[in-house]
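Data first, discussion second: the structure below is written as structure tokens.
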Amino acid sequence: MRPIVREQSLWGMEFMLSLLGFAALTLAILFVGLMALVYAGSHIAGRMAEWIFDLVVPARPSRIGADGMIGQRATVAASFAPLPEGGSVGTVRVSGETWNARCEADSIVPNGAALRVAAVDELLLLVERV
């Protein structure tokens with residue numbers, strides 16, 4: 001009796017390798033697609049959060065220039081001296097800047113006193129006591 005020898009077919013091996021390659025390619029494509037969906041979803045979620053924030057929190061108009069100074073705290077840098085026609089003039093510091101100022105009070109305002117900017121007249125601040 002002769003032993004039965006099966007011939008191994010390369011066709012079966014090639015078929016299995018092609019299935020394995022197809023499965024790996026399919027998984028890679030699914031992974032890339034999933035990453036694209038995660039990225040798109042996070043982008044959309046971020047945009048929605050911005051949109052909701054803009055709806056909930058109203059934008060405040062920026063106050064710059066003379067309008068932005070009104071209501072700010074001023075500190076006397078040089079004592080105010082009374083004027084003959086009424087009021088007093090001196091120098092104040094507002095937000096780190098030095099300005100000439102006029103106060104309606106006839107009395108002397110000492111250095112370091114706290115004032116509030118009531119109005120702006122060109123380059124002169126009109127201040128009042130706090």
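Read the figures in this text as sums done on the coordinates, not as results from a lab. Fair warning: this is a prediction, and the values are worked out from it, not measured in the lab. All Cβ positions, glycine included, derive from the backbone under ideal geometry; neighbour counts span all protein chains shown.
As for region 71-83, it holds no residue that is without any contact (Cβ under 8 Å) to a residue 12 or more places away in the chain and not in a loop (DSSP other than H, G, I, E, B). Taking the criterion of being polar (S, T, N, Q), within 17 Å of Leu126 (Cβ to Cβ) and out of contact with any Leu (no Cβ under 9 Å at 6 or more places or on another chain), the residues of region 77-112 that qualify are Ser88, Thr91, Ser95, Thr98, Ser107. Scoring Asn100 on the criteria (1) under 15 Å from Glu128 (Cα atoms); (2) surrounded by 12 or more Cβ atoms within 10 Å (Cβ to Cβ); (3) within 30 Å of the chain's Cα centre (by Cα) leaves a single failure, condition (3).
Once region 86-97 is narrowed to residues that are among the hydroxyl-bearing types (Ser, Thr, Tyr) and assigned to a strand (DSSP E or B), the residue that is surrounded by the fewest Cβ atoms within 10 Å (Cβ to Cβ) is Thr91. One residue stands out among those in region 54-76 that are closer than 17 Å to Val120 by Cβ and aliphatic (A, V, I, L, M): the one that is farthest from the chain's Cα centre (by Cα), which is Ala74. Within region 46-85, the set of residues being among the small types (Gly, Ala, Ser) and surrounded by 10 or more Cβ atoms within 10 Å (Cβ to Cβ) comprises Gly46, Ala49, Ala66, Gly68, Gly71, Ala74, Ala77, Ala78, Ser79, Ala81.
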